[in-house]
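Chemist: Before anything else, here's the structure in question.
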Amino acid sequence: MALAFQADITRVAAVLYARDLTARTYPMSGDNRPFHGESHHAEDPARIANYAKINRYHVQCLAYLVDKLAKCKEADGNSILDHSLILYGTNMGDSNQHLHYDVPHILVGGASGQLKGNRHLHYPSRTVTTGNLLLSVLDLYGIHQDKIGDSTGRLSGLA
């Protein structure tokens with residue numbers, strides 16, 4: 001993916017580690033249990049720890065890509081990461097109960113100077129949808145939509 005960006009083969013890419021219902025395992029995470037099964041941890045601390053290992057491994061994969069993009073310099077002296085925006089996340093706030101609110105997301109990159117980093121933004125619980133985030137991200141790229149899915153507006157303070 002980093003090479004495709006560096007060679008300007010594409011400006012958009014998507015990575016899906018696994019379908020939600022997958023029985024795929026990630027042995028490199030230190031856990032050999034299926035991802036979906038571990039996501040339904042029944043509030044058992046040991047199973048939560050196993051699920052955390054898998055999620056930590058996925059975030060390490062993200063960090064690997066981020067490092068590659070940060071090291072690739074473009075003609076203006078900035079990195080590909082400075083010009084990019086990576087949205088990393090999930091579709092559930094609590095996979096054990098299939099709750100689709102309070103969904104965590106990570107934004108990495110500068111979006112060509114439009115996004116200030118090193119922040120943690122917190123929005124009111126059970127009120128802000130992922131659609132609001134997606135609307136706000138599209139705005140960064142000059143794509144203005146009235147609505148995406150269950151969106152109720154844009155995120156304040158993002159850009």
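Chemist: Under 8 Å for C-alpha pairs, at least 6 residues apart: give me the relative contact order for the stretch 60-124, rounded to a whole percent.
Modeler: Computed over the stretch 60-124, the figure is 26 percent.
Chemist: While we're looking at this one, here's another question. Quickly estimate the mean residue ellipticity at 222 nm for the chain, helices only: each DSSP H run with n ≥ 4 gives -39500 (n - 2.57), and the total goes over all residues, rounded to 500.
Modeler: The helix contribution divided over the chain gives -9500 deg cm²/dmol.
Chemist: Over the chain, with a Gaussian network built from C-alpha contacts below 10 Å, which listed residue (P45, P34, P104) shows the highest mean-square fluctuation?
Modeler: P45
Chemist: Of L115, L87, L16, which is the most mobile in a GNM of the chain whose springs link Cα atoms less than 10 angstrom apart?
Modeler: Fluctuation is largest for L16.
Chemist: If exposed means no more than 12 neighbouring beta carbons inside 10 Å and the site is in a DSSP loop, what's the longest run of the chain without any exposed trypsin sites (Lys or Arg not before Pro)?
Modeler: Excluding the exposed sites themselves, the longest stretch runs over 25-115.
Chemist: Also: Which of the following values of semi-axes √(5λ) of the Cα gyration tensor in Å was calculated from the structure shown: (1) 31, 19, 11; (2) 27, 17, 15; (3) 29, 22, 13?
Modeler: (3)
Chemist: Once the piece of chain linking I106 and V15 is laid out straight, how much longer is it, given 0.36 nm per residue of separation minus the C-alpha distance between them?
Modeler: 31.3 nm
Chemist: Same structure again: Mind checking the full-extension length gain between E74 and T25? Use 0.36 nm per residue of separation minus the Cα-Cα distance, one decimal, nm.
Modeler: Extending this stretch completely gives an extra 14.0 nm.
Chemist: Any chance you could give the angle, 0 to 90 degrees and rounded to 10, that helix 130-140 forms with the longest Cα principal axis of the chain?
Modeler: It is inclined by approximately 20 degrees.
Chemist: For a Förster distance of 25 Å, can you work out the FRET efficiency between the beta-carbons of Q145 and L85, rounded to the nearest 0.05?
Modeler: That pair, Q145 with L85, gives E of 0.90.
Chemist: Right, next: So what's the net charge close to C72: Lys and Arg +1, Asp and Glu -1, counting the other residues with Cβ under 12 Å from its Cβ?
Modeler: Taking every Cβ under 12 Å from that of C72, the sum is -1.
Chemist: If you don't mind, there's one more thing I want to ask. Order by neighbour count: M92, M28, fewest other Cβ atoms within 10 Å first, most last.
Modeler: Listing M92, M28 from fewest to most nearby Cβ atoms yields M28, M92.
Chemist: Could I ask something else about it? Just subtract the alpha-carbon distance of V59 and H40 from 0.36 nm times their residue separation and send over the number in nm, one decimal.
Modeler: Separation in residues times 0.36 nm, less the Cα-Cα distance, equals 4.9 nm.
Bear in mind these aren't lab numbers, they're just calculated from the coordinates by the rules spelled out. From a predicted model like this one, the values you see are computed outputs, not experimental measurements. FYI the Cβ positions are ideal-geometry reconstructions off the backbone, even for glycines, and counts take in every protein chain you see.
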